[in-house]
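Trainee: Would you mind keeping the following structure in view while I ask a few things?
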Amino acid sequence: MSGTLKSYYNELYREYPARYGTDPLLLVQIAIKKLSRGSAVLDVAGGQGRNGLYAAEQGHDVVLYDLSSIAVEQARDEAVRRGISSFRAMQGDVIRDGIRGAYDLIICAFLLHYYSRTSGEKLLKEMQKYTVAGGYHAIAVIMTGGDFYEMDTHAADHWYFAPGELKNAYKAKGWAIAWTIELPGTSPTKKNDGSPIQNKNAFVLAQAPQGNF
Ligand SMILES: C[S@@+](CC[C@H](N)C(=O)[O-])C[C@H]1O[C@@H](n2cnc3c(N)ncnc32)[C@H](O)[C@@H]1O
């Protein structure tokens, strides 16, 4: 799975140097406002860096991981172009290798639908483990019912979220929900007939309980 995805994203990012745009998600803008300057931020599967580069520009120390070596190169180049020094990008497979560290904020946007619920739950658990007490997660996922879900021939094996599921998964672990929204969104990927793909997305900003880490 990871090998196919890596080639897919390498080709996609080579063709489109800003596939998901350069603006950070609203979720990430809200999350950044919660942090004090110089916070440690991890952008898991951060792609070409729209969120991680923004976090670094706002004064935080950012590490971005992505499976795509092209995304990592492009994010590094963009950091240099914008004169950002507190940004590191590394190629890696977070599903296979997991994460390590101690973070004030972990961002994970639009990754989990590529993997099984078991793999996703393992990653979320690990991300929760390596978040400091009172730290945050900014998570964006694709829900059931939208075009990606309907078109994915492996949808039954992949983790698409039911309404409320992401929020409830965090609540069940004792995390507080600082902000959440579920709403339709358009993907830059087109259907075979050229029409835009409409997904249903869930966004959660969750705060770790005291005593975490
Ligand atoms: C839909 S894109 C989202 C990129 C970025 N989070 C954003 O919102 O702009 C999904 C990203 O997940 C990355 N990815 C997929 N599987 C991964 C894995 N196992 N480890 C790290 N990155 C992965 C892909 O390379 C791709 O950049």
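The values are calculated or read from the model by the stated rules, or taken from the named source; none is laboratory data. On a predicted model such as this, the values are computed, not experimentally measured, just so you know. So basically every Cβ, Gly included, is an ideal-geometry build from the backbone, and we count neighbours across all protein chains shown.
Trainee: Residues of the range 182-203 being of a type in the set (A, V, I, L, M) and surrounded by 14 or more Cβ atoms within 10 Å (Cβ to Cβ), which ones?
Mentor: Hits for the range 182-203 are Ile197, Ala202.
Trainee: Here is a check on your reading of the model: is Leu64 over 17 Å from Asp93 (Cβ atoms), within 12 Å of the ligand (Cβ to nearest atom) and not in a loop (DSSP other than H, G, I, E, B)?
Mentor: Taking the combined requirement at face value, the residue does not satisfy it.
Trainee: Against the definition (among the hydroxyl-bearing types (Ser, Thr, Tyr) and more than 10 Å from the ligand (Cβ to nearest atom)), how does Ser85 come out, yes or no?
Mentor: When the stated conditions are applied, Ser85 passes them.
Trainee: Within the range 31-54, take every residue that is of a type in the set (Gly, Ala, Ser) and more than 12 Å from the ligand (Cβ to nearest atom) and give me the one that is surrounded by the most Cβ atoms within 10 Å (Cβ to Cβ).
Mentor: The selected residue is Ala31.
Trainee: Here are some residues: Lys171, Lys125, Lys190. Which one is among the charged types (D, E, K, R) and modelled with pLDDT under 95?
Mentor: The conditions single out Lys190.
Trainee: Can you tell me which residue in the range 88-108 is surrounded by the most Cβ atoms within 10 Å (Cβ to Cβ), limited to those that are farther than 20 Å from Val132 by Cα and near the ligand (Cβ under 9 Å from one of its atoms)?
Mentor: Ile95
Trainee: Give me the pairs: first residue in the range 54-71 and over 14 Å from Ile107 (Cβ atoms), second residue within 15 Å of the ligand (Cβ to nearest atom) and charged (D, E, K, R), beta-carbon distance under 8 Å, and six or more apart or on different chains, which are they?
Mentor: Going by the 8 Å Cβ cut-off, the qualifying pairs are Leu67/Lys6; Leu67/Asp93; Ser68/Lys6; Ser69/Lys6; Ile70/Arg14.
Trainee: Of all residues in the range 160-184, which are over 20 Å from Met127 (Cα atoms), assigned to a loop (DSSP other than H, G, I, E, B) and not small (Gly, Ala, Ser)?
Mentor: Selection gives Pro163 alone.
Trainee: Where residues in the range 193-212 are outside any strand (DSSP E or B) and of a type outside the set (A, V, I, L, M, F, W, C), which of them is modelled with the highest pLDDT?
Mentor: If we take residues in the range 193-212 being outside any strand (DSSP E or B) and of a type outside the set (A, V, I, L, M, F, W, C), then Pro209 is modelled with the highest pLDDT.
Trainee: Could you count how many residues in the range 9-24 are assigned to a loop (DSSP other than H, G, I, E, B) and crowded, with 16+ Cβ neighbours inside 10 Å?
Mentor: Here the count works out to 3.
Trainee: Also: Could you tell me which of the residues Asp147, Asp152 is closer than 20 Å to Ile95 by Cα, within 16 Å of the ligand (Cβ to nearest atom), surrounded by 14 or more Cβ atoms within 10 Å (Cβ to Cβ) and of a type in the set (D, E, K, R)?
Mentor: Asp152
Trainee: Being in contact with a Cys (Cβ under 6 Å, 6 or more places away or on another chain) and either touching a residue at least 60 places away in the same chain (Cβ under 8 Å) or more than 26 Å from Asp61 (Cβ to Cβ) (or both) narrows it down to one residue among Ile107, Ile139, Ile95; which is it?
Mentor: Unique residue meeting the criteria: Ile139.
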